[in-house]
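Everything below concerns the one structure shown next.
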Amino acid sequence: MNGTIASNSQVAVDHMHETVEHRLAQLLLARFILLCFLVREARNTPGGLQEKVHRRLWVLLQAYPMMFGMDFNVDIFTDLANLLRGSSIHDLKTCIKLYY
């Protein structure tokens, strides 16, 4: 009986580990995707990429997205991460490496 409980406990721990790893990969990939988008768009603006200004914008976008206006009151990082929910952990890690 104790072996069964220990085995079930390990299965539960393994499942939680996989779930957390998958969710963190979704969140990290979402940030990489949006950072690359921000950099690309900044480069296409008059004046181009201004590292200090755009780094500050990046931080504010993550920490306080509501400052960008009434239409921007969602967490785009979480929304994008949720869209990645169906991706395998292998695909997520592959994309993270590509964006990194």
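The values are calculated or read from the model by the stated rules, or taken from the named source; none is laboratory data. Quantities reported herein were computed from a predicted structural model and do not represent experimental measurements. Here the Cβ is made from the backbone with ideal geometry for all residues, glycine too, and neighbour counts use every protein chain on show.
For region 7-48, taking the residues that are charged (D, E, K, R) and under 17 Å from L83 (Cα atoms), the one that is surrounded by the fewest Cβ atoms within 10 Å (Cβ to Cβ) is identified as E21.
Of everything in region 61-73, what is part of a loop (DSSP other than H, G, I, E, B) and at pLDDT 80 or above? Give them in sequence order.
Y64 - this is the single residue of region 61-73 that is part of a loop (DSSP other than H, G, I, E, B) and at pLDDT 80 or above.
Condition check ((1) farther than 18 Å from Y100 by Cα; (2) at pLDDT 85 or above; (3) in contact with a strand residue (DSSP E or B) (Cβ under 9 Å, 6 or more places away or on another chain); (4) aliphatic (A, V, I, L, M)) across all residues:
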residue: H15; (1), (2), (3), (4): yes, yes, no, no
residue: F32; (1), (2), (3), (4): no, yes, no, no
residue: P46; (1), (2), (3), (4): yes, yes, no, no
residue: L49; (1), (2), (3), (4): yes, yes, no, yes
residue: W58; (1), (2), (3), (4): no, yes, no, no
residue: D75; (1), (2), (3), (4): yes, no, no, no
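Here is a yes/no grid of residues against (1) free of Cβ contacts under 8 Å to residues at least 60 places away in the same chain; (2) in a loop (DSSP other than H, G, I, E, B); (3) among the aliphatic types (A, V, I, L, M):
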| position | (1), (2), (3) |
| --- | --- |
| S7 | yes, no, no |
| F32 | no, no, no |
| L38 | yes, no, yes |
| L49 | yes, yes, yes |
| H54 | yes, no, no |
| W58 | yes, no, no |
| G86 | yes, yes, no |
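Against the conditions (1) touching a helix residue (DSSP H, G or I) at 6+ places or on another chain (Cβ under 7 Å); (2) of a type in the set (A, V, I, L, M, F, W, C); (3) at pLDDT below 95, where does L84 fall short? Just the number, please. Every listed condition holds for L84 apart from (3).
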